[in-house]
Amino acid sequence: MICFSGLVGLLLVLTAEARVGDSSQLEFCNETEQCLLFDSICKNSVYEVRHYDSVKWVTTNYTSFAMEFMMVPAFWRLYKYITGENEANQKIPMTAPVVMGLPEKSIFRTGVITMSFLLPAEYQMDPPKPTNEYVYIQETPAMNVYVIDYDSYMSTMSDNKYSQKLLKALNSANAQYTKGFHFAAGYDSPKPKKKRHCEVWYVVEGDPVCDPGLQPSA
C-alpha cells in the first residue's frame, strides 16, 4: 500500500507499538478480522485527525500514469505474498486497509505509486521475507494524519475530488501537512457493496490543527 521509500524522514515520528487488532473496533472495517487501529484526536464536518502507531506492511512499487493501471498487478504481487510466496511458505490473513501512496503530479506524467497490505498482529514482529524481488517489508513510523472519507469506489477521479476537498479545508485552517504525496486507503474488496469506505490521508507536520470548528473526540 504505500509511498514509504524516501518519505520516512518526512513523517511525524513518535515512539509507539503497533496497533493492529480486532476489526469490530471500527464500524467501517468489516471484511477482515484485523484492521489498522488508531486514536481519533479531533474531527469536524470535513476531516478527522488521527494518530497511528508504527506498523509493518508488505509493499510493492509500480510506475504508472494512474492508480487504475497499477491496482490489479500490484494487488496480485502482494496477494501472492500472503498466500505463500514468502520464505516461510506461510499463508497470512488479509487485513484492512489496503493503502496506496500517490505522488501529486499532472495527469500526463507517470509516477511511482505504492500499494501495501497491512501485516496482521502476529506477523508484526517478524514477518516472513518475500521471495519476489519487487515485494518488500516496510515499516511506517508513528504519525498523525488528516483524513477525509467517502463511500464510492476508489478511483483517480474520486481520489482527486476528495483530496482537493481536504486540501481546501486544511489550507483554510492554516494546517501544516507534508506536500507532494498523499495516501489512499480502501477497506472493501472489489465485489459489489451498497456502501463502501475509502479515505484520503495527508500526513500532519507539527501540531495537528484542532481549531474551534473541530470537536475533540471522546
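The values are calculated or read from the model by the stated rules, or taken from the named source; none is laboratory data. Everything numeric here is computed off the predicted structure, so don't read it as measured data. Note that we place each Cβ from the backbone using ideal geometry, even for glycine, and neighbour counts take in every protein chain shown. Side chains are part of the model used for accessible areas, which takes the heavy atoms of the whole protein and leaves out ligands, DNA and RNA. Shrake-Rupley method; radii C 1.70, N 1.55, O 1.52, S 1.80 Å.
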Residue that is among the small types (Gly, Ala, Ser), over 23 Å from residue 196 (Cβ atoms) and in contact (Cβ under 8 Å) with a residue 40 or more places away in the chain, where the choices are 74, 88: 88
Residues that are open to solvent by less than 30 Å² (accessible area, probe 1.4 Å), in a strand (DSSP E or B), within 22 Å of residue 19 (Cα to Cα) and not β-branched (Val, Ile, Thr), drawn from the stretch 52-72: 52, 57
Residue match in the stretch 154-165 (condition: touching a residue at least 60 places away in the same chain (Cβ under 8 Å), in a strand (DSSP E or B) and not polar (S, T, N, Q)): no
Test: residue 84 is small (Gly, Ala, Ser) and on the phi > 0 side of the Ramachandran plot: yes
Single residue of the stretch 112-134 satisfying the filter (open to solvent by less than 10 Å² (accessible area, probe 1.4 Å) and touching a Leu at 6+ places or on another chain (Cβ under 9 Å)) that is farthest from residue 81 (Cα to Cα): 113
Residues located in the stretch 142-153, provided they are crowded, with 18+ Cβ neighbours inside 10 Å and part of a loop (DSSP other than H, G, I, E, B): 142
Of all residues making up the stretch 182-218, the number that are on the phi < 0 side of the Ramachandran plot and modelled with pLDDT under 95: 21
Residue within the stretch 172-192 that is open to solvent by 40 Å² or more (accessible area, probe 1.4 Å) and outside any loop (DSSP other than H, G, I, E, B) present: yes
Residue match in the stretch 27-41 (condition: buried (at least 17 other Cβ atoms within 10 Å of the Cβ) and free of Cβ contacts under 8 Å to residues at least 40 places away in the same chain): yes
